[in-house]
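Reading through the structure tokens given below for one structure.
The values are calculated or read from the model by the stated rules, or taken from the named source; none is laboratory data. Since this is a predicted model, take the numbers as computed values, not measurements. Every residue, glycine as well, gets a Cβ built from its backbone with ideal geometry; the counts of neighbours run over all protein chains shown.
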Amino acid sequence: MLDISVIIPFKGHSRMTLACVRSLSAFGPKVREILLINNNSDDASLEPIASYASDKPCIKVLNYHQPFNYQKLNNWAVTQSTGKLLLFVNNDVELVSESAGLIERMAVEAQKPATGAVGCLLLYGDKRTIQHAGVFLVPGGLADHLYVGRPYARAIASGGHSKEYPYDITLTFPVTAVTGAVTLVERTKFDRVGMFDERFILCGGDVDLCIRLDTAGYQTVFVGQGFMLHKESQSRTGKPIPHSDFCYSYLSYKQKYDTVFGDPYLPRLTQGVK
């Protein structure tokens, strides 16, 4: 068993949430606990999840009846957890057969003294298109996902030897940040940097966390080999990103973006971009 607390927030979407949890059991390691954080679900959507968890000691359904704030919700969930490692997972993520062994490799990396947050390759639900292969900073202080929207097969075939795909996503390498959709970090390091910044509401807090970990001396790492699926934002379709998230993101990201060399860890994507 790995000493991991898996934290999965949800509001409704019982079928998708249960698909996420079942896939962790099928293709992930045995973990200390899986905490399902109910954020104002109605009774009809909550019942199947509560029923599924009722006879599984390692799965707990906890109620967080506050207005949605990704950072506040996850920080609160951490205070309810007990694992040495924290695995933040969106309920629209699903493990598949290609995910087997991936969390174990991430856990090895996360426990290295100099490592902070750890992420992995995420494909869209079609299993052909890349959604996330690490996060890099772009001119103006914004951020983007490596190879987002590009064919997975072409990225693999290139092996990091082409202008279009200058980095090999089968390898493990340092990045500025990883997406909060799947992030693994040691509790002590998470606590040391002050957890998620609760000024963020919806987006940007994940990258900000990685930047603060990096500033404290803990390198963010992308772990290659294998992937998970991310049916991105299905649980919050139509909800606009608050303007304040863009403001706080800019203030955070500009600390690490070098206007001469581009992103400090993936400069071949941004060097010379104006």
- Query: Taking interchain pairs and intrachain pairs at least six residues apart, which have beta carbon atoms under 7 angstrom, with the first residue in the range 102-125 and within 13 Å of Pro29 (Cβ to Cβ) and the second not in a strand (DSSP E or B)?
  - Reply: Ile103/Gly28; Ile103/Pro29; Glu104/Pro29
- Note on the structure: Checked pairs for the range 140-169, first closer than 30 Å to Gly205 by Cβ and touching a residue at least 60 places away in the same chain (Cβ under 8 Å), second among the β-branched types (Val, Ile, Thr) and assigned to a helix (DSSP H, G or I), C-beta under 7 Å and 6 or more apart or across chains, list as Ala143/Val207
- Item | Conditions (1) without any contact (Cβ under 8 Å) to a residue 40 or more places away in the chain; (2) more than 20 Å from Lys30 (Cβ to Cβ); (3) touching an Asp or Glu at 6+ places or on another chain (Cβ under 9 Å): number failed by Asp92 | (1)
- Would you please name the residue that is surrounded by the fewest Cβ atoms within 10 Å (Cβ to Cβ), looking only at residues in the range 92-126 that are β-branched (Val, Ile, Thr) and assigned to a strand (DSSP E or B)? Thr115
- Task: Consider Asp208 carefully, then state whether it is at pLDDT below 95, part of a strand (DSSP E or B) and either within 20 Å of Asn90 (Cα to Cα) or in contact with a strand residue (DSSP E or B) (Cβ under 8 Å, 6 or more places away or on another chain) (or both).
- Result: no
- Which one of these does Lys60 not meet: (1) without any contact (Cβ under 8 Å) to a residue 40 or more places away in the chain; (2) assigned to a loop (DSSP other than H, G, I, E, B); (3) over 15 Å from Gly12 (Cα atoms)? (2)
- Task: Tell me, yes or no, whether the range 161-180 has at least one residue that is out of contact with any strand residue (DSSP E or B) (no Cβ under 6 Å at 6 or more places or on another chain) and among the aliphatic types (A, V, I, L, M).
- Result: no
- Does the range 180-196 contain any residue that is part of a strand (DSSP E or B), β-branched (Val, Ile, Thr) and surrounded by fewer than 23 Cβ atoms within 10 Å (Cβ to Cβ)? no
- Message: Please verify whether Tyr70 is buried (at least 17 other Cβ atoms within 10 Å of the Cβ), under 17 Å from Cys20 (Cβ atoms) and at pLDDT below 95, treating the condition exactly as stated.
- Response: yes
